[in-house]
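I have placed the structure first, in the form of C-alpha cells, so that the comments after it can refer back to it.
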Ligand SMILES: [Cu+2]
C-alpha cells in the first residue's frame with residue numbers, strides 16, 4: 001500500500017525536474033544578449049544643455065561602465081525627444097545610455113535620487 005504512493009511522489013519529482021529544468025535553462029539565454037545592447041546601468045549626471053528641436057542633450061556625466069566611458073561632458077541623442085520634456089539645464093539627473101548605430105543614446109532619464 002505504501003510502495004505505490006512513494007513511486008508516485010518520485011514520478012512527480014522527476015516530472016518537476018524535467019519541467020523546471022529546460023525553462024530555467026532558457027531564462028539566462030536571452031538576458032545576456034539584452035544586457036549587451038539594451039539593459040544598462042543608471043549613471044548620475046547634470047544637464048548642461050538641451051536642444052529640443054534635435055532631441056540632443058548635453059550631460060556632464062559620471063563614469064558609464066557599460067559604455068566603458070570615463071566621466072566627461074558630452075552630447076547624447078535622446079532615444080525619444082519626449083524624454084527631455086521635463087528637464088532643463090542645471091538639473092541633476094540619472095540616466096541610462098546606450099550605443100546604437102555609432103551614436104550615444106539616452107534611453108531613460110530621471111531626476112537624480
Ligand atoms: Cu561620455
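Readers should treat all values here as calculations from the given coordinates under stated rules, not as data from a laboratory. Only a predicted model underlies this, so the values are computations on that prediction, with no experimental measurement involved. When we count neighbours, we look across all protein chains shown, and the Cβ atoms used for this are built from the backbone with ideal geometry, even at glycine.
Inside the stretch 60-71, can you point out the residues that are touching a strand residue (DSSP E or B) at 6+ places or on another chain (Cβ under 7 Å) and either part of a loop (DSSP other than H, G, I, E, B) or within 8 Å of the ligand (Cβ to nearest atom) (or both)?
Of everything in the stretch 60-71, those that are touching a strand residue (DSSP E or B) at 6+ places or on another chain (Cβ under 7 Å) and either part of a loop (DSSP other than H, G, I, E, B) or within 8 Å of the ligand (Cβ to nearest atom) (or both) turn out to be 61, 62, 63, 64, 67, 71.
Give the stretch 80-104 a look and list any residue that's within 16 Å of the ligand (Cβ to nearest atom) and touching a strand residue (DSSP E or B) at 6+ places or on another chain (Cβ under 8 Å), or say none.
Once the filter is applied, which keeps residues that are within 16 Å of the ligand (Cβ to nearest atom) and touching a strand residue (DSSP E or B) at 6+ places or on another chain (Cβ under 8 Å), the stretch 80-104 yields 93, 94, 95, 96, 97, 98, 99, 103, 104.
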